[in-house]
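K.L.:
This is the structure I want to talk about, given as structure tokens.
Where a number appears in this text, it was derived from the coordinates with a stated rule and is not lab data. All figures in this text were calculated on a predicted structure; none of them were measured in a lab. When we count neighbours, we look across all protein chains shown, and the Cβ atoms used for this are built from the backbone with ideal geometry, even at glycine.
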Amino acid sequence: MKLSVIGCGYLGAVHAASMVELGHEVVGIDVDAAKISMLSEGRPPFFEPGLPEILKSAIASGRLRFSTDIADAKGATVHFIGVGTPQRKGEYAADLSYVNSAVDALIPYLSDGDLVVGKSTVPVGTAEVLAGRISASSGADLAWNPEFLREGYAVKDTIEPDRLVYGVPRGARGDRVTSILNAVYASAIANETPLVVTDYATAELVKVSANAFLATKISFINAMAEIADASGADVTQLADAIGFDARIGRRFLNAGVGFGGGCLPKDIRAFTARAEELGRGDSVAFLKEVDAINLRQRDRVVDMVVDALDGNVFQKRIAVLGLAFKPNSDDVRDSPALDVAIRLHGLGARVVATDPEAIANSQRLHPQLTFAETASEALKDADVVVVVTEWGAFRELVPSEVSKLTAGRVVIDGRNCLDATSWRDAGWTYRGMGRP
């Protein structure tokens with residue numbers, strides 16, 4: 001099939017290359033000329049394992065090209081919208097200006113029978129409005145097909161999704177739309193991937209509900225970590241014990257400095273804003289506390305560093321290991337790790353931060369920080385070591401070797417990813433989140 005992908009950021013670029021991998025012909029379109037130039041050369045403008053390989057392969061095949069001209073979407077029969085929906089400045093609500101602009105720009109190039117497919121995360125009710133606009137102007141149909149990508153695993157999640165959700169029109173038009181999407185995702189359908197075909201509103205709610213649930217689960221275990229710290233309990237063993245309950249499960253029950261990135265924080269805030277617009281703010285009011293608990297973890301890590309230095313961090317050298325919001329990513333949007341580094345810098349500490357992939361993005365946002373290309377460089381003469389992104393290279397540090405580099409022997413494990421016993425046996429003062 002001939003497809004277009006409007007918006008070639010993280011979601012769109014991965015989707016475009018993956019659709020070629022599934023056998024389709026794709027044009028990716030974005031207004032950012034620099035981004036399009038990089039993608040056309042087979043160079044992703046962000047770090048994502050596996051993407052460079054399939055991107056280069058797709059371009060070499062002649063079935064993937066990129067453009068800044070929306071007119072190049074003409075001739076495709078399925079058009080994916082994958083632009084961003086960031087949080088509005090000064091508000092909780094989602095900014096839909098990019099979605100609206102993409103649809104308005106695309107409409108003149110749609111033909112009767114075309115299908116526009118929304119991938120962006122939007123407030124419930126958005127698709128119904130867009131569907132009317134698209135149908136009235138072009139005769140094309142709209143589907144809402146939310147993405148469930150995990151950064152670091154996005155290629156696999158696109159090519160081999162764990163489920164597919166279609167929000168489609170009612171009646172015969174919905175049947176036609178479903179048939180088209182089944183052709184797009186033919187390999188996943190053949191592999192018996194679970195499929196939910198539903199209405200627009202449900203499809204929109206599926207994505208934000210999933211993110212709200214995951215955020216709640218993470219904040220729950222972090223709240224338990226606070227209780228564990230106050231009572232002497234071990235939150236890791238607590239999580240193991242309750243995780244054996246099949247109704248609860250162990251995943252996303254790792255206490256730490258909290259969640260970040262470009263999805264969970266802004267999505268739960270947009271969800272609460274939309275619920276309030278619908279007159280049902282009380283139904284999801286708990287999400288504000290989820291958000292507050294999450295943000296409080298950053299304060300806790302900073303406080304742990306201050307306490308370890310007897311209340312005086314001024315001019316103390318602190319090695320911050322991690323900048324990305326999670327490993328296998330260079331994404332620093334709303335990153336707890338980067339936030340901790342900035343807060344410690346603001347207290348007058350001499351922060352030296354490092355990350356395997358996120359230094360460049362961090363430098364653009366916060367050039368006032370000092371960055372080191374390697375962990376060894378960051379650790380040199382450090383009074384305190386703070387681990388805030390659980391990259392394998394940081395988890396595997398050998399305490400006795402680290403001791404040869406640092407001035408102090410205090411490690412703050414903001415991700416509970418280190419072996420506390422081995423660090424303590426090597427003469428370190430170890431402090432984790434909710435670990436005695």
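K.L.:
Tell me, in nm to one decimal, what length is gained between T202 and E289 on full extension, where the rule is 0.36 nm per residue of separation less the Cα-Cα distance?
P.N.:
Answer, rounded to one decimal: 28.9 nm.
K.L.:
To continue, here is another question. Once Rh is set to the Kirkwood radius over Cα pairs, what Stokes-Einstein translational diffusion coefficient, in µm²/s, holds for segment 2-198 at a temperature of 4 °C and a viscosity of 1.567 mPa s?
P.N.:
The calculation lands on 77 µm²/s.
K.L.:
Kindly write out, for segment 408-425 in residue order, the coupling ³J(HN,Hα) from the Karplus curve 6.51 cos²θ - 1.76 cosθ + 1.60 (θ = phi - 60°), rounded to whole Hz, with x marking Gly and Pro.
P.N.:
Along segment 408-425, the couplings run x, 10, 10, 10, 9, 9, x, 10, 6, 10, 9, 7, 4, 5, 5, 5, 5, 5 Hz.
K.L.:
Find the all-direction average of the projected area of the Cα convex hull for segment 199-436, expressing the result in square nanometres with one decimal place.
P.N.:
Over all viewing directions, segment 199-436 projects a mean Cα-hull area of 14.2 nm².
K.L.:
Turning to a different aspect of this structure: Compute a Gaussian network model of the chain, connecting alpha carbons closer than 10 Å, and tell me which residue from A143, A324, A190 fluctuates the most.
P.N.:
Fluctuation is largest for A190.
K.L.:
Take every Cα pair under 8 Å in segment 2-198 that's 6+ residues apart, average their separations, divide by the length, and report that relative contact order as a whole percent.
P.N.:
Value for segment 2-198: 19 percent.
K.L.:
Here's another thing I want to ask about it. Measuring from centroid to centroid over Cα atoms, what is the spacing of segment 376-436 and segment 201-273 in Å?
P.N.:
Taking the Cα centre of each part, segment 376-436 and segment 201-273 sit 25 Å apart.
K.L.:
Here is a further query. Normalised radius of gyration for segment 337-420, please: alpha carbon Rg relative to 2.2 N^0.38 Å, two decimal places.
P.N.:
Taking the Cα Rg and dividing by 2.2 N^0.38 Å, one obtains 1.03.
K.L.:
Another question about this same structure. What Rg and what Dmax come out for the chain when only alpha-carbon atoms are used, in angstroms?
P.N.:
When restricted to Cα atoms, the chain yields Rg and Dmax of 23.4, 71 Å.
K.L.:
Let me ask something else about it. Of the peptides 121-128, 271-278, how do they stack up when ordered by the mean number of other Cβ atoms within 10 Å, highest first?
P.N.:
Descending packing order for the listed peptides: 121-128, 271-278.
K.L.:
For every helix of n ≥ 4 consecutive DSSP H residues, a contribution of -39,500 (n - 2.57) applies; sum these over the chain, divide by its total residues, and give [θ] at 222 nm rounded to the nearest 500 deg cm²/dmol.
P.N.:
Helix-only estimate at 222 nm: -13500 deg cm²/dmol.
K.L.:
I've got another one for you. How large are Rg and Dmax for segment 182-251 when only the alpha carbon atoms are used, in Å?
P.N.:
Calculated on Cα positions, Rg and Dmax stand at 18.2, 56 Å.
K.L.:
What length, rounded to one decimal in nm, is gained on full extension from A246 through to D104, with 0.36 nm per residue of separation minus their alpha-carbon distance?
P.N.:
Stretched out fully, the A246 to D104 stretch lengthens by 46.5 nm.
K.L.:
Of the DSSP beta bridges with both residues in the chain, give the percent that are antiparallel, rounding to the nearest 5.
P.N.:
In the chain, approximately 5 percent of DSSP beta bridges are antiparallel ones.
K.L.:
Okay, next question. Mean-square fluctuation check for the chain, GNM, Cα pairs under 10 Å: which of T421, T374, T193 is largest?
P.N.:
Its mean-square fluctuation being the largest, the pick is T421.
K.L.:
Angle between the Cα long axis of helix 286-308 and the longest principal axis of the chain, 0 to 90 degrees, nearest 10?
P.N.:
The helix 286-308 is inclined about 30 degrees to the chain.
K.L.:
If you take the alpha carbon radius of gyration of segment 201-292 and divide it by 2.2 N^0.38 Å, what ratio comes out, to two decimals?
P.N.:
So segment 201-292 has a normalised radius of gyration of 1.18.
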